[in-house]
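**Student:** Here you go, one structure.
The values are calculated or read from the model by the stated rules, or taken from the named source; none is laboratory data. Computed from a predicted model, the values in this text were never measured in an experiment. We place every Cβ from the backbone using ideal geometry, glycine too, and count neighbours over all the protein chains shown. Just so you know, the surface numbers come from the protein's heavy atoms only, side chains and all, with ligands and any DNA or RNA stripped out. Shrake-Rupley method; radii C 1.70, N 1.55, O 1.52, S 1.80 Å.
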Amino acid sequence: VQLQASGGGLVQAGGSMKLSCAASGGTFSMYAMGWFRQTPGKEREFVATISRYRGTTYADSVKGRFAISRDNAKNSVYLEMNSLKPDDSAVYYCAADRTLGYSDRTVEPSYDYWGQGTQVTVSS
């Protein structure tokens, strides 16, 4: 499975941005998908996840501002980011989890495949 993240860039604080992640080579509809982010010198942190049944979970830091969604017909997952803050600046990664049963999808080891990341920079 290959994951290709896109949509990053530079935005002013308070602005919005939508990230996309396109999957290929697998059965996308069967995977749970997640977004993580990482800044230099820090560990990668959980942002949001969406199950194959479209159940969602968010990190407290983005709850109410970010929305994760998926389009199985396009083999894609999205992260709509609103009210962006400078602290949201990071490289954002999408990931896929092929586990069908229960899995804690707020942690990195639950995911089997990772995209290359896309840089988001929020200026103050």
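**Student:** Which residue, G34, G101, G25, has the most motion in a Gaussian network model of the chain that connects Cα atoms within less than 10 Å?
**Tutor:** Greatest mean-square fluctuation among the candidates belongs to G101.
**Student:** Below 22 Å, Cα to Cα, which lysines can K74 reach? Residues fewer than 8 away in the same chain don't count.
**Tutor:** Cross-link targets: K18.
**Student:** I would also like to ask the following. Cα to Cα, under 19 Å, and not fewer than 8 places away if on the same chain: which aspartates and glutamates meet these conditions relative to K42?
**Tutor:** Candidates past the 8-residue exclusion: D60, D87, D88, E108.
**Student:** Considering the options T49, V77, G101, tell which one lies farthest towards the positive end of the dipole of the chain, charges being +1 on Lys and Arg and -1 on Asp and Glu at the Cβ, about the Cα centre.
**Tutor:** The listed residue farthest towards the positive side: V77.
**Student:** Give me the distance between the Cα centres of the range 15-36 and the range 48-109, rounded to whole Å.
**Tutor:** First find each Cα centre; the distance between them is then 8 Å.
**Student:** Starting from the residue with the highest accessible area, list F36, F46 in decreasing order, probe 1.4 Å.
**Tutor:** Descending accessible area places them as F46, F36.
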